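Reviewing the structure listed below.
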Amino acid sequence: MTNPFLEDWSTPFGIPPFDAIKPGHFQPAFDMAIDEWRAEVEVIATNPDAPTFDNTITALELTGERLDRVAGVFFNLTSADTNETLQDIEASVAPELARNGAEVNMDLRLFARIDTLFKARATLGLTPEQDRVLGLYHESFARAGAQLDEAGRNRMSAIMQRLAQLGASFSKNLLADERDLELVLDNREDLDGLPASLIAAAAKTAEDRGKPGKFVITASRSSIEPFLQFAKRRDLREAAWRGFVGRGEARPDTATAPIIAETMKLRQERARLLGFDNFAAYKLDNQMAKTPENVSALLSRVWDRAAASAVRERAKLQSLAADEGDNFDIEPWDWAFYAEKLRKRDLDLDDAEVKPYLQLDAMINAAFDTATRLFGLSFAENHDVPRHHPDVRVWEVTGQGGRHIGMFFGDYFARPSKRSGAWMSGFRDQHKLDGDVRPLICNTMNFSKPADGEQCLLTFDDARTLFHEFGHGLHGLMSDVTYPRISGTSVARDFVELPSQLYEHWLMQSEVLGKFARHVETGEAIPADLLDKIRAAQTFDKGCETVQYLASAIVDIEVHTAEIADDFDPLAFEAATLKQISMPDGIAMRHRTPHFAHVFSGDGYSSGYYSYMWSEVMDADAFGAFEDAGDVFDGATAAKLGSAIYSAGGSQAPEAAYQAFRGRPPEPDALLRRRGLLDEVA
């Protein structure tokens, strides 16, 4: 069988030949690619010449090209369009990749060469970018366990393999729950209160799932959140909410608690092998936050204000419910419903009024136009290049003078084979080490797919998510560095959310919504008074929203600083932590532990969910640079933002990158001001 991964690709822009790639290609491709990579590394490790930057660091940067190609396609598919065959391959290949990665990163011969260079770095005449890359290599080998004794290295390798297996198992179990979770509505009475766009999407979903004539609400936030917001039947809201928050614990065969317990035990052992008290201390040591104590201080400072605000918000909802004759305590499945009523009453605003102005295509164009005005980028849709799913759209991105920047893939609609949430990923990263390699960047979302012939309408939160992920996308597309190690989003975890969260600010501008938010039926621009209402609503119910996020972030940091005993129960730990911080009644965590994919599908955001708020301190302050300039598209400020943040990748420490843009450290109170919590008294 011809295997596309074992051949050169002649596709436009070097895009993977998705139409020729079959599941059966992956295992042999991984096997060959891993063998090739290990052989390339062995040449470097056994080089008899004294180590130089070129024969060690540059050489390492150029290894594994085929493995990057295979993994780039495979792991995008396992997230966005998986199946049982791919999941079985992942269960096999994830620990194999972890084992080989651990062995390379703990190779004493390689570390000796890197260490020699690192100790002599001041005498090597390195460029700032080379010095940064050398430092990161030395750090990563040390943090991987290269300085452990043989027994420690062997144990670390075994831990990393098992953690990879556990992460794959967590993802598989969670996807099974999300795929099977559906609330089937049998008749029109069940739809009471729902907007027409949600009813149409639910009908389309039911038809796609073999239930024509019915209506289906799924685990996608674009489906379940508006249902909780508008559905008048309280029993159906409760059923939908319990199903959603019960992901990962509803069925014994897909329960994630045993996976989490073993994961936490192994993470603790990994950290202590490397000399850290706990896993959070290990993970944060090379981040902006540096210590768990610094994270806890930020979260606690905001928690007190947010919790106080949420308590007052709940009292208002309770009063509204009582006025309407609903004599029950506000529960989590009631909150969004009564908050929407309160917002309409007090601010004369509801999502059903806004959604007709927020067409998906128009919001995509709004995000593109913002990048054009800020950074001079252009986007031309290409219908002829390969794509990994029929729903995916592809654009060529060009810069000044028509220079090719990269390709952008947009995968916007929910489907059973896609995990929930929204994210940015890539099939190829930018670098200039072996020619001018341009990136292939993808945004993946889970908006409800409209019925045939209908427009996809977004909530304002959906539109904000689109801008957020496109901010990540620009971070990858605009990358302009030499070395793959520091390309695009390869930055500190608590810095990586700055480009994405900062980009959200432009959605709110009149120059953007006023131009692209047009009514789906009449084509009329969104009225100025409706824009004013949207702006006024930005701090509405912010206490609840902040508490939901903070509860997840606090549980994350607390569990990774705790002593993990053999009988560790993650669900009991979650409950105890929420009790300790006095979680306000009627509010649920944004991500409960059993389905906290950020933290347990891998260790990317483990001890790091706080980073959204850490970055918010910066993004709230950073947008102030444009406000100070008196123009949200000020050319000089945008040029500095592009060079210091979006194009710089990880070429310098995050503190230095922010300083290069803003000229000073961020002003912490900008976060509280943005959330309307600055004057809150706990």
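How would you order 484-492, 636-644 from highest to lowest mean count of nearby Cβ atoms within 10 Å? Show your work: numbers first, answer last.
On the way: 484-492: 23.7, 636-644: 17.1.
Peptide ranking by packing, descending: 484-492, 636-644.
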GluC sites (Glu not before Pro) restricted to DSSP loop in the stretch 559-626 with at most 15 other C-beta within 10 Å: Glu563
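What length, rounded to one decimal in nm, is gained on full extension from Thr398 through to Arg233, with 0.36 nm per residue of separation minus their alpha-carbon distance?
Details: separation 165, 0.36 × 165 = 59.40 nm, distance 5.00 nm.
My answer for the length gained is 54.4 nm.
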Restricting to DSSP loop positions (anything but H, G, I, E, B) with no more than 16 other Cβ atoms inside 10 Å of their own Cβ, which chymotrypsin sites (Phe, Trp or Tyr not before Pro) remain in the stretch 1-94? Trp9
Taking 7 Å along the Cα-to-C-beta vector as the label spot, tell me the Ser140-Ala656 distance in nanometres, rounded to one decimal. 1.8 nm
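Work out the length of the dipole vector of the stretch 317-447 about its Cα centre, built from +1 on the beta-carbon of each Lys and Arg and -1 on the beta-carbon of each Asp and Glu, and round it to the nearest 20 debye. Could you put the intermediate results ahead of the total?
Details: 15 positive and 22 negative charges, 180 e Å.
It comes to approximately 860 debye.
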Give, rounded to the nearest 20 debye, the magnitude of the charge dipole that the chain has about its Cα centre when Lys and Arg contribute +1 at Cβ and Asp and Glu contribute -1 at Cβ. 420 debye
I'd like the orientation of helix 234-245 relative to the chain: the angle between its Cα long axis and the longest Cα principal axis, in ° from 0 to 90, rounded to 10. 10 degrees
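Please report, in debye to the nearest 20, how large the charge dipole of the stretch 356-521 is about its Cα centre when each Lys and Arg carries +1 at its beta carbon and each Asp and Glu carries -1 there. Before the final figure, lay out the partial values.
Values: 16 positive and 21 negative charges, 68 e Å.
Roughly 320 debye for the stretch 356-521.
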Run down the lysines and flag those whose C-alpha is under 19 Å from the C-alpha of Lys22, throwing out any fewer than 8 positions away in its chain. Lys418
Angle between the Cα long axis of helix 150-180 and the longest principal axis of the chain, 0 to 90 degrees, nearest 10? 30 degrees
Just subtract the alpha-carbon distance of Ser643 and Asp192 from 0.36 nm times their residue separation and send over the number in nm, one decimal. 157.2 nm
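Is there a pair in Lys172/Lys283; Lys265/Lys579; Lys355/Lys515; Lys355/Lys533; Lys211/Lys449; Lys204/Lys533 whose C-alpha atoms are over 20 Å apart, and which pairs would that be?
Lys172/Lys283; Lys265/Lys579; Lys204/Lys533
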per DSSP, antiparallel bridges as share of beta bridges in the chain, % nearest 5, sits at 75 percent
Could you check the spin-label model distance between Asp631 and Asp326? Points 7 Å from the Cα along Cα→Cβ, value in nm. 4.8 nm
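For a distance above 18 Å, tell me the whole-number percent of Cα pairs in the stretch 182-253 that qualify.
33 percent
Rank by packing, highest mean first: peptides 547-553, 659-665, 331-337, with packing defined as the count of other Cβ atoms within 10 Å averaged across residues. Walk me through the numbers before you get to the answer.
Details: 547-553: 24.1, 659-665: 14.6, 331-337: 21.1.
Top to bottom by mean Cβ count within 10 Å: 547-553, 331-337, 659-665.
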Please name which of Val520, Ile21, Pro128 has its Cα lying farthest along the dipole of the chain towards the positive end, using unit charges on Cβ (Lys, Arg +1; Asp, Glu -1) and the Cα centre as origin. Pro128
What length, rounded to one decimal in nm, is gained on full extension from Arg673 through to Arg121, with 0.36 nm per residue of separation minus their alpha-carbon distance? 194.4 nm
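Per DSSP H run of n ≥ 4, the term is -39500 (n - 2.57); total these for the chain, divide by its residue number, and report the mean residue ellipticity at 222 nm rounded to 500 deg cm²/dmol.
Working: 26 runs with 362 residues, N = 682.
That calculation yields -17000 deg cm²/dmol at 222 nm.
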For the stretch 508-537, which GluC sites (Glu not before Pro) are in a loop by DSSP, counting at most 12 other Cβ atoms within 10 Å? Glu521, Glu524
Sorted peptide list for 597-610, 450-463, criterion being average Cβ within 10 angstrom, highest first: 597-610, 450-463
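Readers should treat all values here as calculations from the given coordinates under stated rules, not as data from a laboratory. Being a predicted model, the structure only gives us computed values, none of them experimental. Positions of Cβ are backbone-derived with ideal geometry, glycine not excepted, and every protein chain shown enters the neighbour counts.
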